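A.B. asks: My structure is below; once you've seen it, I'll send some questions.
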Amino acid sequence: MSNAVLIIILLLPADPDAARYHEFEMAVRPSYDNYFRSGLHRFIRGDVEESIGLFEKIKSADHDAYYYLGIAHYRQGDHEWAADCFRTVSRRRPAIWQPYYFLSLIALERHDIDGARRFLGKITDLDSRARIAGYISDYEMLEQAQRSYAAGRYEEALQLYGRITAFHGYRDIGMALTYVKMGRHREGLVLLDSIVEHSSDQTLMLRAGYEAARQYALLQEIDRAKQYLHEYLRVMPDDNAKFLMGRILNDEAKYDSAAIYLADLPDSVDSFLFFKGRVGYFLGSWGSAEEKLMLHREIHRNSPYADRALYILASINHKRKEYGHAIRFWQELVDSFPASRYVAASLASIGDSYFNLQEYSMALFAYNRVAGHNPSEQTSAEVGLKTYETKFHLGHYPSLIDALRNYIRENPGSTLRARVRLRIAQLHYERQEYYRSIDELNGVIEENRGQPVEAEALTQKIQAVQAVKDTFELFKCLRSLLNSRGLAEYRLYAANEIGALWAGEMRYDSALHYYNLLLEAETYRESAMLKIADIYGRLGRTQESLAIIERLISSYPQSVYMVDAHILRSRALKNEGQYDAAKQVLIELTERIGERADVCMEIGHLYYESGQFVEARQSYLRACALYEQHRDNAARSLILAGDASVAIGDEDQGREHYLHASMIAESPLLKSGAIQKLNKLGDR
């Protein structure tokens, strides 16, 4: 076979008729020639693995088969096998240049520039020789650009990368990283994104994906960064990528997820160990966090995270109320890292620890030091406020309210003004000075219309107006809270309270409106469904009541309202005249959860209303026994047991139950009712 044919045949299109012919020939007349031609056709149509199998069968007898076997292995990326094949061909047929062409390419793949040059001299085809020479020149330029990059000569590196015409992936990732070092992040990301999208080299694609993730994280495009990291980690369980993902999740306060990525990272790496401890702290795993951070102090003594580790260790001890240990850690931070941005916060926290220990002079000393260490505006304001409270304890003010009012007067622009007034209102409330509390809260509300703190003030005011039993003002506060811009939980609380007020006044349509607002809120949905079902039952809309009860039971099988739901279900069936079904619901509930006083009472009502007075009395008496120390409920059960006794003509038992009820009842109304029934029997 001629040199030209060796190259040209690879460019021929796959002829299906010729391929079928050679397959047939190989099947009926197996020969070296038919195997060879069939192997070529399979190679041309892309069945490289099959072509390798056929060439292997005839390679010892056909030199050309060795050549194509080398090309097939090269196509598959198996350069070691390919090189062996090409070397064999070059020994057996030294006159052809094509094996040297591929051997030079393989040498370049192995970064063997000298080997590529040796093979270059044996390539007689001028175009192919020029192509390899260009590759060698570009490779040398690529290495030079990488050296310039490593030395920090980024402009020079960028110019060299720009002159390279081959090795596109390596050139582009080199340029991308150079752009990043020069602060031209967007230009770098364009190249990195392109490599990920278009490169067929998985190694390059993965490296580009990881570098792109780092840049997107730096630019706070977190979703894109996490997308790249997820794709990278599916293929490469790399520690640095795991750490980057863990740190991103840490910054998003998704500590559970962050802990998963950080868990298996080696403690020998400074940042890995510190963030394990930090994440553990925010997860509330204080013991584990303390262990990690103490280990970090021991093995990473010169860590850039050392001050932060001390701060967290102090905070752990502060949360445990081990204030002495907390003070020692914070003081070490102040002494060892006087330039740390955590010094002001540490001094403030030392003051808080002494305050909690009631060592108010030491607390005041620590608070007074904060101003000299560039505190944040928030820290400065909080320390200033705490100073007034500390001075109250040192006897500088007659009351805490006086101290707080002095703070407001002397710090009119304080960002904590509204908070302080809320505190004053709460102190008045605790002293049962409800109207003074309300006046203070009205001032906060007026000064903070449309602000989140308005909702807090309204919530606090609701407690005060409830204490003075001002229903009109209570409705006003709840409606204002419902329309406020505070957190959603405040509006949900208001809707729930308004619904309860309307239900208490038997304004059921109004109550339903507010309870329906709660159905979309997870925290209120179960109770809202129960209340809506109850209202439907009271309105005689039995089927609607049953429907929502069934939905509650099926959606929340472990609901805390499960017993109440079954009681409502039983009542709805009773309203339909289905007494037996209503009783069965409660009997099955009792079998499942055990006896409960309220369930026994409901069963008693069902027996009584269906004329089964003996069974009713038994249920009421069982309820009385289960109520134990709940004396009014027990008395109510005895009165009903007395009614059931009278209904079956057992007046002696009726007297006994009424008398017992009158003796244990705490409510004057219940006591009077029992005595009236007792007297009525005595008149007979």
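A.B. asks: For segment 517-569, which positions are within 33 Å of the chain's Cα centre (by Cα), of a type outside the set (A, V, I, L, M) and open to solvent by 60 Å² or more (accessible area, probe 1.4 Å)?
C.D. replies: Hits for segment 517-569 are E520, E522, T523, K531, E550, R551, S554, S555, P557, Q558, Y561.
A.B. asks: Report the residue count in segment 441-466 for those that are closer than 22 Å to E505 by Cβ and open to solvent by 40 Å² or more (accessible area, probe 1.4 Å).
C.D. replies: Selection size over segment 441-466: 2.
A.B. asks: Looking for whichever is within 34 Å of the chain's Cα centre (by Cα) and at pLDDT 95 or above here; the options are L293, L364. Which one fits?
C.D. replies: Checking each option against the conditions leaves just L293.
A.B. asks: State yes or no: is R631 modelled with pLDDT of 90 or more, open to solvent by 80 Å² or more (accessible area, probe 1.4 Å) and over 44 Å from the mean Cα position of the chain (by Cα)?
C.D. replies: Yes, satisfied.
A.B. asks: Given the criterion of a type outside the set (G, A, S) and out of contact with any helix residue (DSSP H, G or I) (no Cβ under 8 Å at 6 or more places or on another chain), identify the matching residue among E332, E298.
C.D. replies: E298
A.B. asks: Oh, and also: If I ask for residues that are open to solvent by 60 Å² or more (accessible area, probe 1.4 Å) and within 25 Å of L606 (Cβ to Cβ), which ones from segment 654-668 would you list?
C.D. replies: E656, H660
A.B. asks: Starting from residues that are over 14 Å from S271 (Cα atoms) and touching a residue at least 12 places away in the same chain (Cβ under 8 Å), keep the ones in segment 231-250 and report whichever is surrounded by the fewest Cβ atoms within 10 Å (Cβ to Cβ).
C.D. replies: V235
A.B. asks: Now, a different point. Can you pull out every residue in segment 580-594 that is surrounded by fewer than 21 Cβ atoms within 10 Å (Cβ to Cβ) and touching a Leu at 6+ places or on another chain (Cβ under 6 Å)?
C.D. replies: Correct list: A581 only.
A.B. asks: Given the condition in a loop (DSSP other than H, G, I, E, B) and closer than 23 Å to A366 by Cβ, answer yes or no: does some residue in segment 294-313 qualify?
C.D. replies: no
A.B. asks: Inspect segment 496-517 for any residue being among the charged types (D, E, K, R) and within 15 Å of Y561 (Cβ to Cβ) and give the result as yes or no.
C.D. replies: There is no residue in segment 496-517 that is among the charged types (D, E, K, R) and within 15 Å of Y561 (Cβ to Cβ).
A.B. asks: For segment 326-344, which residues satisfy the criterion of being within 14 Å of S380 (Cα to Cα), surrounded by fewer than 23 Cβ atoms within 10 Å (Cβ to Cβ) and among the aliphatic types (A, V, I, L, M)?
C.D. replies: Across segment 326-344, the qualifying residue is only A344.
A.B. asks: Here is a follow-up. I'd like to know if segment 599-615 contains one or more residues that are among the polar types (S, T, N, Q) and surrounded by 23 or more Cβ atoms within 10 Å (Cβ to Cβ).
C.D. replies: The answer is no; no qualifying residue exists.
A.B. asks: Go through segment 168-186 and give me each residue that's open to solvent by 50 Å² or more (accessible area, probe 1.4 Å) and farther than 15 Å from Y149 by Cβ.
C.D. replies: Scanning segment 168-186 gives H168, R186.
A.B. asks: Taking segment 69-94, which residues are in contact (Cβ under 8 Å) with a residue 24 or more places away in the chain, loosely packed, with under 15 Cβ neighbours inside 10 Å and outside any helix (DSSP H, G or I)?
C.D. replies: Answer for segment 69-94, where residues must be in contact (Cβ under 8 Å) with a residue 24 or more places away in the chain, loosely packed, with under 15 Cβ neighbours inside 10 Å and outside any helix (DSSP H, G or I): just Q76.
A.B. asks: Look at Q202 and say whether it is among the polar types (S, T, N, Q) and under 30 Å from V279 (Cβ atoms).
C.D. replies: no
A.B. asks: Taking A495 as the residue in question, decide whether it is within 33 Å of the chain's Cα centre (by Cα) and either at pLDDT below 90 or at positive phi (or both).
C.D. replies: no
A.B. asks: Within segment 421-433, identify whether any single residue is closer than 22 Å to I498 by Cα and either exposed (fewer than 15 other Cβ atoms within 10 Å of the Cβ) or of a type outside the set (K, R) (or both), and answer yes or no.
C.D. replies: No.
A.B. asks: Got a sec? Which of Y536, Y524 is under 17 Å from N496 (Cβ atoms) and either among the β-branched types (V, I, T) or part of a helix (DSSP H, G or I) (or both)?
C.D. replies: Exactly one of Y536, Y524 is under 17 Å from N496 (Cβ atoms) and either among the β-branched types (V, I, T) or part of a helix (DSSP H, G or I) (or both), namely Y524.
A.B. asks: Find the helices (runs of 4 or more DSSP H) located wholly in segment 573-651 whose residues include 3 or more that are more than 25 Å from A547 (Cβ to Cβ) and either in contact with a Lys or Arg (Cβ under 6 Å, 6 or more places away or on another chain) or in contact (Cβ under 8 Å) with a residue 24 or more places away in the chain (or both), and list them.
C.D. replies: 597-609, 613-627, 631-647
A.B. asks: Just give me the residues in segment 144-156 being crowded, with 19+ Cβ neighbours inside 10 Å and either under 20 Å from L218 (Cβ atoms) or under 42 Å from the mean Cα position of the chain (by Cα) (or both), in sequence order.
C.D. replies: Correct list: Y149 only.
A.B. asks: Right, another one. With respect to the numbered conditions (1) closer than 24 Å to G284 by Cβ; (2) open to solvent by 30 Å² or more (accessible area, probe 1.4 Å); (3) in a helix (DSSP H, G or I), which one is the sole condition not fulfilled by K321?
C.D. replies: Failed condition: (3).
A.B. asks: Looking at (1) open to solvent by 80 Å² or more (accessible area, probe 1.4 Å); (2) touching a helix residue (DSSP H, G or I) at 6+ places or on another chain (Cβ under 8 Å); (3) assigned to a helix (DSSP H, G or I), find the lone condition where A674 falls short.
C.D. replies: Status for A674: all satisfied but (1).
A.B. asks: Among the residues of segment 375-404, what is the count of those that are among the small types (G, A, S), farther than 14 Å from A344 by Cβ and surrounded by fewer than 19 Cβ atoms within 10 Å (Cβ to Cβ)?
C.D. replies: Here the count works out to 2.
A.B. asks: Restricting segment 57-71 to residues that are closer than 13 Å to P99 by Cα and small (G, A, S), which is modelled with the highest pLDDT?
C.D. replies: Looking at the filtered set, the residue picked out is G70.
The values are calculated or read from the model by the stated rules, or taken from the named source; none is laboratory data. Computed from a prediction, not measured in an experiment: that's the story for all the values here. No Cβ is skipped: glycine too gets one built from the backbone with ideal geometry, and neighbour counts run over all protein chains shown. Quick note on the areas: whole protein, heavy atoms, side chains included, nothing else; ligands and nucleic acids left out. Shrake-Rupley method; radii C 1.70, N 1.55, O 1.52, S 1.80 Å.
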